[in-house]
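Undergrad: Just dropping this structure here.
The values are calculated or read from the model by the stated rules, or taken from the named source; none is laboratory data. Since this is a predicted model, take the numbers as computed values, not measurements. All Cβ positions, even for glycine, are placed from backbone atoms using ideal geometry, and neighbour counts span all protein chains on display.
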Amino acid sequence: MAPINPSRLNLSAGLVSVLVAAVLVALKLWALGETGALSVAASLADSAMDLMVSIGAAAAIIYAAKPADEDHAFGHTSAEDLAALGQALFILISAMVIAVAAVLRLLSDNPQPLQSQGVGMLVMGVSIVLTLGLVLWQGRVARRTGSRMVAADRLRYLGDLLPNIGAVVSLWASTRFGLGAIDSVVALGAAGMLALGAVRIGKGAWDALMDRRADPELIAQIAAIVRDWPGVCGFHDLKTRTAGSRVFVNLHIELEGDQTLREAHAIGASLRREILNAYPQTDVIIHKDVAH
């Protein structure tokens, strides 16, 4: 059996994600024109966000394969965070527009009736099937390559299933019982979910741009590896920062002063390889000090 090419698998997941998101945006845009349903509009905004994020993720996968250059010694991963801030702003504005439209429709004495609910339900049903197929493929790729970027994209699409299902329910209720107000209620709920997601994405991007430390659990796991590594008498100044999908690790290890430079280098190099093998998203720099 041919060996697994992680880069190609990850890229395939990224490109499929972009393709599915583009198809969903086109379908939901058409369904919105046919039905006028705000729940479909909320799902459309969600898919538009997915398309932007998926394009960014695919670009990041391609970009991550490029080595650092002379002008960007630590790579270009901070571009992901800048893009995420723009996406968060777009999502917040979309959520506000949908929420205002939903409230106005609920307060209106003569709300506009929904139309072509059957078309809308068909489109949303197709959206659910496509999303499920994408999630299954992303899960397979994430398990085989260990890509946290693909795993995060998969988690985001799993969360998107709820607005799609809500849109189907609201269209069905409008058709079966004439309860058009459910559409606005579902749209309000979806807008709230979009806003929460935007805040979470924006906060993560802001923290990364401000060089916030990595997840404390990751720091503790790296510290445990260093603490138990053969030849290391101790360590200090374990510092981390995040940039996009990368985690930069800088630490000082304490070694016996009577060993040769070759021996000291071997200890530091093997420790660095171990950390990189355990956490491929890291970039590790190790300084060597003499133990007191």
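Matching residues to (1) more than 25 Å from the chain's Cα centre (by Cα); (2) modelled with pLDDT of 90 or more:
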site	(1), (2)
ALA167	no, no
VAL185	yes, no
GLY189	no, no
MET210	no, no
TRP229	yes, yes
ALA266	yes, yes
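Undergrad: So ALA269 ticks every box in (1) part of a helix (DSSP H, G or I); (2) at positive phi but one. Which box is left unticked?
TA: All conditions pass for ALA269, except number (2).
Undergrad: Mind telling me which of the residues ASP237, ASP258 ends up being among the charged types (D, E, K, R), at positive phi and surrounded by fewer than 13 Cβ atoms within 10 Å (Cβ to Cβ)?
TA: Numbers: ASP258 fails: at positive phi.
Only one candidate qualifies: ASP237.
Undergrad: Go through (1) more than 20 Å from ALA191 (Cα to Cα); (2) at pLDDT below 70; (3) over 23 Å from the mean Cα position of the chain (by Cα) and name the single condition SER108 misses.
TA: (1)
Undergrad: Select, from ASN250, ASN277, the only residue that is without any contact (Cβ under 8 Å) to a residue 60 or more places away in the chain and not in a helix (DSSP H, G or I).
TA: Within the list ASN250, ASN277, the selection yields ASN250.
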